[in-house]
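Have a look at the structure below before the remarks.
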Amino acid sequence: MTPTEITTTIRAAIVAGALGALTAIAACSDRGGDLGPNDLARIGTETLTRADLARSMPSGLSAADSTAFADAFVNNWITDRLIMQVAARHIRNTDEIDRRVEQYRRDLIIWEYRRMAVNADTALAISDADAHAYYDAHPELMKLDSPMVRGIYIKMESDAEALAEVRSLYASPDRNDIDRLEKVGLKGAIHYDYFRDQWIPARQIIDKIPREIKTTDLRKGYKLDADIDGFTYLLSVSDILPAGETIPFEAAEHHIRETLEAIRRTEADARIRRRLLDEALESGLLTLPAKH
């Protein structure tokens with residue numbers, strides 16, 4: 001039998017077997033007596049139990065989602081084992097599969113050890129001084145590709161009772177007015193983003209506003225107050241950094257720390273590999289050709 005014929009036979013058997021099994025589950029309740037009270041399905045000597053399903057069930061699902069997950073889990077369990085049974089009859093030589101499984105196991109063990117060893121490396125710690133030094137040493141990487149802004153963004157229903165008060169407060173530079181806004185005026189707000197004390201990409205806010213409302217002319221002191229489709233959109237820009245400007249350290253710090261950590265993890269991994277190699281050579285565990 002050719003590989004193509006084998007594949008066709010397997011596919012046909014899988015479809016027929018899966019449909020038959022699922023139909024039996026759905027319609028042949030008289031066969032349920034073969035299962036124990038905590039069993040959900042059995043194929044050959046393998047049994048799927050309620051405990052197996054419970055261990056795999058994600059937390060926080062609604063009743064409907066839990067039912068859908070359970071149905072899919074049982075069906076997948078059945079189909080997988082039907083595939084395995086058919087495949088086992090047609091794939092005689094499993095040496096290559098066994099070799100790949102063993103290689104995958106070795107790779108997982110190696111990866112886990114390297115991860116543990118790297119995490120234990122004290123050189124991974126990144127101080128504030130390290131982050132500032134990287135920021136100062138790489139000014140060419142600290143340029144904005146697109147604008148960043150500070151300000152306040154609000155979305156409310158246009159008939160919200162507190163809308164008039166929100167309109168009178170949201171652009172105020174007085175912190176007391178903002179406190180009043182947050183305590184009293186935002187009860188009906190659908191979205192409220194306060195970012196006067198941090199820089200965020202302007203696109204992050206623009207994407208929340210319908211395209212019909214033009215917000216391309218952002219500048220310091222810019223105010224937006226627009227109604228569309230029963231909603232009111234309010235935006236107050238207290239400051240802006242245009243594209244091409246230097247990214248403030250506080251806006252770049254998270255990315256800097258991620259970059260430094262990636263660099264140090266690579267360096268730590270290289271040290272581990274070098275140390276293991278040296279130790280193996282010194283102990284005689286590893287033998288290499290002599291250098292000429």
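Divide by every residue of the chain the summed helix terms, -39500 (n - 2.57) for each DSSP H run of at least 4, and state the resulting mean residue ellipticity at 222 nm, rounded to the nearest 500 deg cm²/dmol.
On the way: 9 runs with 148 residues, N = 292.
Only helices count here, giving -17000 deg cm²/dmol.
Which FRET efficiency value, to the nearest 0.05, is calculated for residue 193 and residue 101 with the Förster distance at 45 angstrom and r the Cβ-Cβ distance?
Values: r = 50 Å, r/R0 = 1.11.
Efficiency, rounded to the nearest 0.05: 0.35.
Using alpha carbons only, how many degrees (0 to 90, rounded to 10) separate the axis of helix 3-27 from the longest principal axis of the chain?
80 degrees
Set the Förster distance to 45 Å, then compute FRET efficiency between residue 129 and residue 85 from the Cβ-Cβ distance, nearest 0.05.
On the way: r = 62 Å, r/R0 = 1.38.
After rounding to 0.05, the efficiency reads 0.15.
Round to the nearest 10 and give me the degree value, 0 to 90, for the angle of helix 95-119's Cα axis relative to the longest principal axis of the chain.
The answer is roughly 40 degrees.
With axes computed from alpha carbons, what is the tilt in degrees of helix 128-137 against the longest principal axis of the chain, rounded to the nearest 10 within 0 to 90?
Approximately 80 degrees, to the nearest ten.
A short reminder: the numbers here are calculations on the coordinates, not readings from a lab. Here the structure is a predicted model, which is why all the values come from computation and not from measurement. Cβ coordinates were reconstructed from backbone atoms using ideal geometry, including for glycine residues, and neighbour counts include every protein chain displayed.
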